[in-house]
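S.K.: Below: one structure in C-alpha cells.
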Amino acid sequence: MAQTVSETQPTAVVKEPETISGGHLVAKALKAEGIDVIFTLCGGHIIDIYDGCVDEGIAVVDVRHEQVAAHAADGYARVTGRPGCAVVTAGPGTTDAVTGVANAFRAESPMLLIGGQGALNQHKMGSLQDLPHVDMMTPITKFAATVPHTARAADMVSMAFRECYNGAPGPSFLEIPRDILDNSVPVESATVPEAGHYRASTKSIGDPASVEALADLLVRAEKPVVLLGSQVWTSRGSDAAIDFVRTLDIPAFMNGSARGTLPPGDPHHFHLSRRYGFNNADLILIVGTPFDFRMGYGRRLPKSATVVQIDLDYRTVGKNRDIDLGLVGDPGAILAAVTQAASGRLHKTDRKAWFAELRAEEDAAYQKRLPRQLSDANPIHPLRLAHEINEFLTEDSIYIGDGGDIVTFSGGVVQPKSPGHWMDPGPLGTLGVGIPFVLAAKYARPDKEVVALFGDGAFSLTGWDFETLVRYKLPFVGVVGNNSSMNQIRYGQEAKYGKDRGRIGNTLGDVKYDEFARMLGGYGEEVRDPKDIGPALLRARESGLPSLINVWVDPDAYAPGTMNQTMYK
Ligand SMILES: Cc1ncc(C[n+]2csc(CCOP(=O)(O)OP(=O)(O)O)c2C)c(N)n1
C-alpha cells in the first residue's frame with residue numbers, strides 16, 4: 001500500500017500562536033473585576049464584547065434605553081458594593097448613557113461605562129456614530145480614555161475600575177474602537193490583570209493624631225450629634241457606624257444611602273429633629289456627605305458648635321463651611337478607630353437629658369404630622385400614601401424613590417428598616433432612576449423585595465423598561481403617585497406667575513399606569529380611596545409580577561420642602 005507523504009516524511013509542525021480578540025479580552029477583565037452582569041443596549045460596534053461575555057459566563061441584560069443601562073450599573077454598585085458595568089454602542093448609545101454616568105458621578109457610585117467607537121483606521125473620517133466621547137465624558141467621570149490597541153483592552157478595563165476608587169468612588173468611561181474589539185492578538189502579548197491583584201486594599205484612617213483628637217472631642221462633648229451620609233454605606237461602614245453611635249452614645253441622623261443604618265425605633269435613631277439637633281448641639285460630626293444644597297451648604301450649622309467632618313475626598317472636607325477638624329479616609333475605618341480610641345472613657349448618663357430633649361422634639365414633630373399621615377381625604381393625601389408604604393415595608397424591602405413632590409413627601413415618612421435599603425438618585429436629582437434601580441436591585445438581590453414609589457412624571461422618563469422587568473421575571477411592588485402633573489415644578493410656577501400662567505409645561509395626561517403595567521405583562525390596580533392602598537399593595541406583592549399600583553393623589557397638596565423651595569436655597 002502506498003504511503004502518504006506525511007507518513008513517510010515527518011515535517012516540522014509550525015504552531016500558530018493562540019490568539020484572543022479585544023472583545024474577549026474585555027470580558028476577561030470584567031470577570032477578573034467580579035462583574036457577573038452587564039447592562040446594555042446592542043449596537044454593531046460592541047458585539048465582540050457580548051461574545052466574550054458568553055465565554056466568561058457574564059450575563060447580558062438588555063434594556064430599551066441606554067440611560068437605563070447606565071442607571072442600572074450605578075444601582076448595581078450601590079446594592080452589591082461591587083462596581084457596576086454598562087456597555088453601549090458608539091454615538092447615540094453613549095450620549096443616551098450620559099445622564100446615568102452623571103448621576104453616578106454626583107452620587108459617588110463606582111461604575112464603568114464602555115462605549116463603542118468607529119474603527120481607528122477611520123479615525124475622524126466621519127464613520128457611523130463617531131463622536132468625541134472621551135471629551136464629553138471627561139468632566140463627569142473620574143477617568144475617561146480610549147483603548148488604543150487590542151493588546152491593551154483588558155489592562156485598560158482594570159485600570160478604569162481602579163480609577164473608580166480613587167478618593168470618593170465614581171464612574172469611569174472607556175471608549176473602545178470597533179477594530180480594537182474585533183482584532184485578535186497573540187494571547188501572550190495581552191496582559192489580563194489577575195483578580196484581586198491590581199489595586200490596594202487599604203481602608204485608610206488618615207492621620208492617627210486626628211483620630212485621637214476626634215475621640216477627645218467626643219468624650220468631652222455634652223450635646224453631640226452625628227450625621228451619617230451616603231459614604232457610610234458606599235464604603236460598607238454601616239457596622240462600624242452602628243458600633244460608634246452605640247458605644248459613644250451619640251444621637252444619629254442619616255441621609256442618602258446611609259438611611260436605614262439604624263432601624264426606626266432604635267434609641268440612637270433620630271429623623272425629624274435634625275434642625276433642632278444641629279441648632280442645639282455643641283459638637284456636630286458630619287460623616288461622608290458634603291455641605292451641598294441638602295445641607296444648606298453648611299450655613300445652617302450654628303457658629304457656636306464644634307464641627308468635624310470625615311470624608312473619603314480631600315476636596316470635600318472644609319468646602320463651603322469652615323470646620324474645626326477634618327479627617328480624610330474611609331468613614332467606616334475612621335469611625336472604628338475613633339470608637340476604639342474613646343471607649344472606656346465615657347460617662348453615658350451625662351447625655352440622658354440631651355437624648356430626652358431630642359426625643360421630645362422628634363415626638364412633637366411626628367404628632368403634628370400624624371393627622372395628615374392618617375388622612376381619609378379623597379383625593380388621597382400624598383402623606384397617607386407614604387404612610388401606607390411605610391407600614392408595608394419589611395426589613396427586607398429595598399425602597400426606591402423616583403419623583404418630585406411625591407418623593408419629597410415620602411422622604412419624611414418612609415423609613416427603611418435595614419442598612420442599604422434606601423435608594424434615591426442622590427444630589428443630581430435625576431428623575432427616571434426608578435425603573436433602572438428596580439432592575440439592578442432585584443437582579444442583584446432576588447432574595448429582597450423591591451418597593452418603588454414614582455411620580456407620574458418621573459415614571460414616564462424610563463417607564464418602558466417595565467417590559468425588561470417582565471422579560472427577566474423580576475417582580476417588584478411599584479406605586480405611581482399620580483397627580484397628572486409635574487407638581488414640584490408647578491408649585492414654583494404658580495407661586496411666581498399665578499394660577500393662570502403657572503400651568504405651563506408641567507401638566508400630564510390622566511394616564512392609567514395600572515393598565516400600562518397589565519399591557520406589558522405585569523400586575524396593575526388603580527386606587528382612589530385611601531383605605532384601598534394597603535390591600536392593593538398586598539395583592540401586588542402576592543402577584544409575583546412586576547406591578548404598578550396607580551394611586552390618584554391630591555394635585556393640590558404640596559410638601560413643605562416644595563413650598564419653601566428648599567432645593568434652590
Ligand atoms: C431628568 C430630570 N428632568 C427634570 C427635572 C426637574 N424636576 C424636578 S421635580 C419635577 C417634577 C416631577 O414630577 P413627578 O415625578 O410627577 O412628581 P410630582 O412632583 O408631581 O410629585 C421635575 C420635572 C429633574 N429633576 N430631572
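Computed from the coordinates by the stated procedures, all read-outs in this text should not be read as laboratory data. Bear in mind the structure is a predicted one, so any value in this text is a computation, not a measurement. So basically every Cβ, Gly included, is an ideal-geometry build from the backbone, and we count neighbours across all protein chains shown.
S.K.: In whole angstrom, how far apart do the alpha carbon centroids of the stretch 421-473 and the stretch 101-138 sit?
M.R.: Each part reduced to its Cα centre gives a spacing of 24 Å.
S.K.: Hey, if you put +1 on the Cβ of every Lys and Arg and -1 on every Asp and Glu Cβ in the stretch 374-568, which of LEU431, ALA540, VAL527 ends up farthest toward the positive end of that dipole?
M.R.: Positive-most Cα among the choices belongs to LEU431.
S.K.: Among GLN117, PHE161, SER184, which residue has its Cα positioned farthest towards the positive end of the charge dipole of the stretch 19-189, with +1 placed on the Cβ of Lys and Arg, -1 on the Cβ of Asp and Glu, and the dipole taken about the Cα centre?
M.R.: Most positive-ward Cα: PHE161.
S.K.: Then there is this: How do THR40, THR19 rank when sorted from fewest to most other Cβ atoms within 10 Å of their own Cβ? Working shown, then result.
M.R.: Values: THR40 26, THR19 15.
Going from sparsest to densest Cβ surroundings: THR19, THR40.
S.K.: Turning to a different aspect of this structure: Taking only the Cα atoms of the chain, how large is their convex hull per residue, in Å³?
M.R.: Values: hull volume 111.3 nm³, N = 569.
Residue-normalised Cα hull volume stands at 196 Å³.
S.K.: Loop by DSSP (not H, G, I, E, B), at most 15 other beta-carbon atoms within 10 Å: where is the longest site-free stretch of the chain for GluC sites (Glu not before Pro)? Write down the numbers at each step before the final one.
M.R.: On the way: sites that count: GLU18, GLU194, GLU222, GLU395.
Longest site-free region, per DSSP loop and neighbour criteria: 19-193.
S.K.: Right, here's the next one. Cα convex hull of the stretch 374-568: mean projected area in nm², to one decimal?
M.R.: Values: hull surface 41.0 nm².
About 10.2 nm², averaged over all directions.
S.K.: Just to check, using Stokes-Einstein with a Kirkwood Rh over alpha carbon pairs, what's the diffusion coefficient of the stretch 221-323 at 25 °C and 0.890 mPa s in µm²/s?
M.R.: Working: Rh = 13.6 Å.
Rounded to a whole number, D works out at 181 µm²/s.
S.K.: Return the calculated 222 nm mean residue ellipticity for the chain, to the nearest 500 deg cm²/dmol, obtained by summing -39500 (n - 2.57) across DSSP H runs with n ≥ 4 and dividing by the residue count.
M.R.: Values: 23 runs with 230 residues, N = 569.
Roughly -12000 deg cm²/dmol at 222 nm, from the helical runs in the chain.
S.K.: Also, I was wondering about something else. Rounded if a/c is under 1.5, else prolate if a/b beats b/c, else oblate: with a ≥ b ≥ c from the C-alpha gyration tensor eigenvalues square-rooted, which is the stretch 415-531? Please list the in-between numbers first.
M.R.: Details: a/c = 2.15, a/b = 1.59, b/c = 1.35.
Prolate is the answer for the stretch 415-531, as a/c is 1.5 or above and a/b outweighs b/c.
S.K.: Sticking with this structure for a sec: To the nearest 20 debye, what is the magnitude of the charge dipole of the stretch 19-189 about its Cα centre, counting +1 on the Cβ of each Lys and Arg and -1 on the Cβ of each Asp and Glu?
M.R.: On the way: 11 positive and 19 negative charges, 78 e Å.
Here the stretch 19-189 has a charge dipole of around 380 debye.
S.K.: Going by a ≥ b ≥ c, the root eigenvalues of the Cα gyration tensor, does the stretch 98-227 fall in the rounded group (a/c under 1.5), the prolate group (a/b larger than b/c) or the oblate group?
M.R.: Working: a/c = 4.74, a/b = 2.11, b/c = 2.25.
It comes out oblate by the Cα gyration axes.
S.K.: Another question, then. Please work out the ratio of the alpha-carbon Rg of the stretch 19-189 to 2.2 N^0.38 Å and round it to two decimals. List each step's numbers first, then the result.
M.R.: On the way: Rg = 14.1 Å, N = 171, 2.2 N^0.38 = 15.5 Å.
Compared with the compact-globule rule of thumb, the stretch 19-189 sits at 0.91.
S.K.: Rounding to the nearest 20 debye, state how big the charge dipole of the chain is about its Cα centre with +1 on each Lys and Arg Cβ and -1 on each Asp and Glu Cβ. Before the final figure, lay out each step's value.
M.R.: Numbers: 55 positive and 68 negative charges, 365 e Å.
Here the chain has a charge dipole of around 1760 debye.
S.K.: Sticking with this one: What list do you get for LYS319, LYS223 if you sort them by fewest beta carbons within 10 Å? If you can, show how the numbers build up before the last one.
M.R.: Working: LYS319 17, LYS223 20.
With the fewest neighbours first, LYS319, LYS223 line up as LYS319, LYS223.
S.K.: To continue, here is another question. Starting with the highest mean, order 560-566, 425-431 by the number of other Cβ atoms within 10 Å, averaged over the residues of each peptide.
M.R.: Numbers: 560-566: 14.1, 425-431: 19.6.
Averaged packing, sorted descending, gives the order 425-431, 560-566.
S.K.: How would you order 328-336, 503-511 from highest to lowest mean count of nearby Cβ atoms within 10 Å?
M.R.: On the way: 328-336: 24.0, 503-511: 12.8.
Top to bottom by mean Cβ count within 10 Å: 328-336, 503-511.
S.K.: Using only alpha carbons, build the gyration tensor for the stretch 289-373 and give me the equivalent ellipsoid semi-axes, biggest first, whole Å.
M.R.: Values: eigenvalues 152, 96, 34 Å².
In descending order the semi-axes read 28, 22, 13 Å.
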